[in-house]
1. Quote the FRET efficiency, to the nearest 0.05, computed for A:Ala216 versus B:Glu351 with a Förster distance R0 of 45 Å and r equal to the Cβ-Cβ distance.
2. Kindly express, to the nearest 10 degrees and within the range 0 to 90, the angle between helix A:149-163's C-alpha long axis and the longest C-alpha principal axis of chain A.
3. Counting Lys and Arg as +1 and Asp and Glu as -1, what is the net charge of the other residues whose Cβ lies under 15 Å from the Cβ of A:Ile322?
4. How big is the C-alpha Rg of chain B next to the rule-of-thumb value 2.2 N^0.38 Å, as a ratio?
5. What is the dipole size for the protein assembly as shown, taken about its Cα centre, with +1 at each Lys and Arg Cβ and -1 at each Asp and Glu Cβ, in debye to the nearest 20?
6. Looking at the stretch B:497-562, I'd like the Rg to Rh ratio, where Rg is from alpha-carbon atoms and Rh is Kirkwood's inverse mean 1/r.
7. No other cysteine beta carbon under 4.7 Å away is the test; run it over chain B and list who passes.
8. What FRET efficiency comes out for A:Arg126 versus B:Asn220 if R0 is 35 angstrom and r is the Cβ-Cβ distance? Round to the nearest 0.05.
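What follows draws every value from the coordinates through simple rules; no lab data is involved. Here the structure is a predicted model, which means the values were calculated and not measured. Using ideal geometry, Cβ is built from the backbone for each residue, glycine included, and neighbour counts are taken over all protein chains shown.
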Amino acid sequence: MKADVIIIGAGVIGTACAYYLSRRGIRVLVLERSHLCAGATGATAAIISVGGTSGTPEPLRPFNMESHRLIENLEQDFEKPMEMIRGGSLFVALNEQEVQEIRSYYEHARLMGIDGKLLDGSEARRLEPLLSPCVAAAFYNPVSYHVNPFRLCAGYLDAAAQRCGKVEYGVEVQDIIVQKGRIDRVVTNRGDFHAEWVVAAAGAWTPQLFKSVDIAVPIVPARGQAILTEACDRLTNLSLSFSNHVYLRQTESGNFYLGSQTEFAGFEDRITFEKMAAFTDVPARAVPILGRLRAIRFFAGFRPISGDELPIIGPIPGCPKIIIASGHGKTGMRYSASTGKAVSELIADGTTELSIEAFQLKRFQKNKQK
Amino acid sequence: MFEIPTHLNKRFEAGVARGKAIAVKINGVNIRAHEGESIGAVLTASGVRKIRYAPHPHDPRGLYCGMGSCYGCLVTVGGQPNIRACVTPVESGMEITLQDGFGKFTVESTMPVPAESEQFQIPLVIVGGGPAGLSAAIAAARFGIQVLVIDENCVAGGQIYRQLPPAFKVEQASKLGADYADGRMLLKQAADLSQFITIWNDALVWSVFESNQLAVERNNKLILIHAKAVIVATGAYERPFPVEGWTLPGVMTVGGAQTLLKSQRILPGNRVLLAGTGPLQLVVADQMLDAGMKIVAVAESVSHLIRGSYIFDLIRQPGLMFQGLKYLMRLKRESVPLLKSSVLAGIEGRESVVVAVVERIDDRLNRVPGTRQVFEVDTVCIGYGLIPNTWLTHMLGCRHEYDALTGCWAPVSGNNMETDKPGIFVAGDGAGVAGVLVATCEGAIAGLFAGAHAGGISTADAERAARPVRKKLSALRKFRHAMDRIYMIEPDLYSDISDDTIICRCEGVTAGEIRDSIRKGTLNPNDIKKRTRAGMGYCQGTNCFPTIAMILMNEFDVVPEALPWMTTRPPARPIPLSLLVTPGVQK
């Protein structure tokens, strides 16, 4: 098959791009060096929310709203259910400082048009009986839902394959050769590939794709560790968030997913005792039943964090047909649909419905010349 | 849903006096039990074979592996769900509830007691207290090295040397067989060196952190251990051989059946078919006949039990040869048909096993049409060989290689049983399945050289002490190699798995779903896991990865060298989350 666009990476961003491009009738070829969800997508709670703990930066707000709506309606186009659980999310405060924090989340969500609720301790326990008396207050965001990240990713990819998409695994891109502003070839361990466009969606590994093209992509891996417990009957539909980016959800299969904090440790994927103990402590105090469950799997993944924690979406300087779509940090799931849609518009129409001006790579080059 | 008969008693005493009679409650019904018995044994003795309904699909399950590896026999004890019946001893007044679907956790349950923690250093840690681990401990301790043996079971001895529960009394040791006596002797030697050897029972190495720090769970206590040298002697578990119906109650591994017979003195069933390959099923058949069970047939997948070309390697171990012949003659004497070139083709029943189907295979391991034989049974024992437990060696980053003869991966080790990771040694079936005699020799060698690595013995002394063991080991390995060639496990043996057959017992994933995911995705088991959930359950792929590997090799032409493992992650077995919320551990 001759492809119009080569997408590098079969994580949630790459597969979302493949999906939206294929909906426009554009032939895509996804090159993945390992397998589906092998990077950050393989270690995520996949909580799709509007607003959130760190506050959504202004330029991302329209993306947030749109993507939230798009993902919610994807299932009709997918072969298998995404195991979506709607129930909203609860941001839990255990002390006075955290009470102040959740107030700011509440205000922030209101700015984005979310009619959330601030609850005191006993109201929070009425809404979520799993919570212990040590919970002082909570902010309830009704629009959050969570999905099975593997199902979302496989859904994007399989739906693309049904139209005009193809994927090849075990293909590691070693370089992208550009001549006179056009893509000459994509060099891989399996020989050269050719297409008019390239979408670089290799997550934390995206900077490594550019060897002969002289650009710096300021993305570094941020390790997130996670714990999965044994499964039990459904105890909650809510996702619960705590301070320091600790959160949990009960999956469709009944397991609890606990994550994750963020640390910069290169590509070292071993789990560490200190981190796991640190992010088990608070949830176990706030949700005592967790202490009765057993952990069956610990794992880690690498989120692509950009220099200013905004994603990078757009063409690279010197070659308008190489588009980077990466650097989404911990929120790749949440922004996947809008990122894929924007990339498809950029390629099909030359312009995007929602502005991606703030996500351009060139923002990093203002101060730093390479 | 669950029937609890009160009139059945499948205990037999042969040479043993049980522990004190006690009463337990199963689903509210008073049932007789004895101190020292496992919950699984009590259920079996009372005729409760259907122990649980799995959550997905909602089908009945019974005791399967009998050694704590498959997590199929989960029951609720007191308020705590998902306790393994097969390895948990009963206590007087215990309330056991059989689980329909998931175990029930209630919000009102009391907070768990916060765990304690401790850290220390020791020269030599041995993981596994079976023949290899104990031999290693003895060899090192004789040179005055402090050794800690960490064993998962309530009593050391491992699987083959499994001892009776301490509450049982031996009246006639001769009725317990040679393995029991050998195991007892080894344990006594270890006990005589108790000045140097500490044995922790009921303790689990569940993770490895930086610079090979071992995380251990023991009595709800978290212990972090630094050792100069580690010997991994974690033994083996039974190779899965999926056929339709193999998840039914009444289907168990041959080793699981043996544990019930040997150390619990309980009949695993009345009418049994054994299907598998190799000498273990002959040994177990012999023990079943001793206990008075009816064996309808033994199905052996190979065509010749002894082949001329290996005869020289075999007759050098006349004792072992003689034992084998003795087992065969016993079958003949008791008119038990030994069906050669025959494999298990299916198991039928609704609530438990009613029928087992055996089919002949030709020289190329293809099924021969029209050769299906149907047996009415209540028990099927599956025994297609063993697979090394490699979780820990994988966690420690050791290199592993596929062995085409035994059809599984094992850590690569050198002459001194050291892996490619300095200071990490292996011994016994965990280093490559080779049986108990090889295990004791490998253990002794590993003990000496790990001791040398830890600085307690000079290398010259270790070499001198190892010399006679090496000679014995070399002869035993030749014998074993000949046996492996006869009872070779080829991927083709797995050629007829129907799409409806469950491969991942934990998550109820079928062969059809796995094939579909391979066609859509990659030849990487991690991909299959993410798409199907195979390997995401309690046993973390231990009992489905071998089959998935066989499917990939057999149907999708993957060579073993190109087959990545499911990424090995902690914990080795499920651990209470409360263990992480440990006061005193720096966070």
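1. 0.10
2. That helix lies at roughly 30 degrees to the long axis.
3. +1
4. Details: Rg = 23.0 Å, N = 587, 2.2 N^0.38 = 24.8 Å.
Relative to the 2.2 N^0.38 Å estimate, chain B comes out at 0.93.
5. Values: 101 positive and 94 negative charges, 259 e Å.
With only Lys, Arg, Asp and Glu charged at Cβ, the dipole is about 1240 debye.
6. Working: Rg = 10.5 Å, Rh = 11.4 Å.
When Rh is taken as the Kirkwood radius, the ratio is 0.92.
7. Among the cysteines of chain B, those whose Cβ sits 4.7 Å or more from every other are B:Cys73, B:Cys86, B:Cys154, B:Cys381, B:Cys398, B:Cys408, B:Cys441, B:Cys506, B:Cys539.
8. Values: r = 33 Å, r/R0 = 0.94.
That gives a FRET efficiency of 0.60.
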